Amino acid sequence: LELVEMEVRELLTKYGFDGDSITIVRGNAKGALDHPGDEKFNACIGELMDALDSDIEAPER
């Protein structure tokens, strides 16, 4: 997975994004769907939501 993460960061940088500061969340979405009550599988969903909340600004209305 580390090689995939490095390649994703390189591609983002190649296309003008800040690949070094992008947040990457590792997890198992299928496991979270199959086991909705299991904290082990659902922790990644919480991490993803935290990353979205911190990295994406809410639009002004």
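List of remarks:
- Restricting Gly16, Gly27, Gly37, Gly31 to those that are assigned to a helix (DSSP H, G or I) and of a type in the set (Gly, Ala, Ser) reduces the list to Gly31.
- Single residue of the stretch 5-61 satisfying the filter (loosely packed, with under 10 Cβ neighbours inside 10 Å and among the small types (Gly, Ala, Ser)) that is modelled with the highest pLDDT: Gly16
- Selected residue (criterion: farthest from the chain's Cα centre (by Cα)) from residues of the stretch 12-61 that are β-branched (Val, Ile, Thr) and farther than 17 Å from Leu1 by Cα: Thr13
- The residues in the stretch 20-39 that are under 21 Å from Asp53 (Cβ atoms) and of a type in the set (Gly, Ala, Ser) can be counted, and the count is 4.
The values are calculated or read from the model by the stated rules, or taken from the named source; none is laboratory data. It should be emphasised that the depicted structure is a prediction, and the values quoted were computed from it without experimental measurement. Cβ atoms come from the backbone with ideal geometry, glycine included; neighbour counts cover every protein chain shown.
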